[in-house]
Amino acid sequence: ESTMSTSDIIWRRLSPLVAARRSMRLWSPVTGEFADEGQSWTKRLPAVPAAVPIYRRGRTCLLALDFDAKHHAGEQVDADVERVLVWLHQCGARTVTDRSTSGGRHVLVPLATNSSLRVDDVKVLMELLAARLMTLDRSPMLGVEQGCITPPGSPCREGGFRRLDGTL
């Protein structure tokens, strides 16, 4: 691993923990969207943004909160992330956060290993959070088939890589 970049190492270590299935959807600069069809996950860091699935057999063991800077300033994203982190940590949750070069951020919350949630279980939670956090994009958590998230280390559409907040 000594010749790998930090992003390579982070991708290799964290993406299999984030992914509910060993697949990924790659970003297409031509269409401006992630591919509808997934391909096999690889240890090698993809050259383009890669999103991994959140659900397996209709259930997830990860709460993936996606905060977008598309319509709001990075300061609002940071404020929303700090607010949700206070709530999560008050509840005893452990979190992993990262940021993209666009100013967007992810908050990943692994659930207890003996529990998983259906999309119906998280729908109300996502609606309540979105009402209080203006930069939260609910769509990754609400799509059983297409719900996915780009893990830390993944390339960003704007160039650069998703940077992990903190250390591995």
Which one of these is open to solvent by 20 Å² or more (accessible area, probe 1.4 Å) and out of contact with any Lys or Arg (no Cβ under 6 Å at 6 or more places or on another chain): Val84, Val119, Val107?
-> Val119
Only one of (1) out of contact with any Lys or Arg (no Cβ under 6 Å at 6 or more places or on another chain); (2) of a type in the set (D, E, K, R); (3) in a loop (DSSP other than H, G, I, E, B) does not apply to Lys43, and that is (1)
Note down all Cβ pairs under 6 Å where the first residue falls in the range 56-83 and is touching a residue at least 12 places away in the same chain (Cβ under 8 Å) and more than 12 Å from Met134 (Cβ to Cβ), the second is assigned to a loop (DSSP other than H, G, I, E, B) and open to solvent by 70 Å² or more (accessible area, probe 1.4 Å), and they're at least six residues apart or on different chains.
-> Arg56/Arg21
Checking Glu33 against (1) free of Cβ contacts under 8 Å to residues at least 40 places away in the same chain; (2) under 13 Å from Pro151 (Cα atoms), the condition it does not meet | (2)
Would you be able to say whether some residue in the range 136-146 is within 18 Å of Met24 (Cβ to Cβ), aliphatic (A, V, I, L, M) and in a loop (DSSP other than H, G, I, E, B)?
-> yes
Going through (1) touching a Ser or Thr at 6+ places or on another chain (Cβ under 9 Å); (2) over 16 Å from Pro155 (Cβ atoms); (3) surrounded by fewer than 20 Cβ atoms within 10 Å (Cβ to Cβ) one by one, Ile54 fails only at (3)
Among the residues listed as Thr95, Thr150, Thr113, Thr135, the single one being under 13 Å from Ala20 (Cα atoms), open to solvent by less than 70 Å² (accessible area, probe 1.4 Å) and among the polar types (S, T, N, Q) | Thr150
Do we find that Leu168 is surrounded by 14 or more Cβ atoms within 10 Å (Cβ to Cβ) and either touching a strand residue (DSSP E or B) at 6+ places or on another chain (Cβ under 7 Å) or part of a loop (DSSP other than H, G, I, E, B) (or both) in this structure?
-> no
Residue in the range 121-168 that is modelled with the lowest pLDDT, counting only those that are over 16 Å from the mean Cα position of the chain (by Cα) and of a type in the set (D, E, K, R) | Asp121
For the range 89-139, which residues satisfy the criterion of being in contact with a Cys (Cβ under 6 Å, 6 or more places away or on another chain) and within 17 Å of Ala50 (Cα to Cα)?
-> Ser100, Thr101
Return the residue satisfying two criteria in turn: it lies in the range 1-51 and is of a type in the set (Val, Ile, Thr) and under 15 Å from Pro155 (Cα atoms), and of such residues it is most open to solvent (accessible area, probe 1.4 Å).
-> Thr6
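The values are calculated or read from the model by the stated rules, or taken from the named source; none is laboratory data. These numbers were taken from a predicted model, which means no experiment stands behind them. All Cβ positions, even for glycine, are placed from backbone atoms using ideal geometry, and neighbour counts span all protein chains on display. Surface areas here come from the heavy atoms of the whole protein model, side chains and all, with no ligands, DNA or RNA. Shrake-Rupley method; radii C 1.70, N 1.55, O 1.52, S 1.80 Å.
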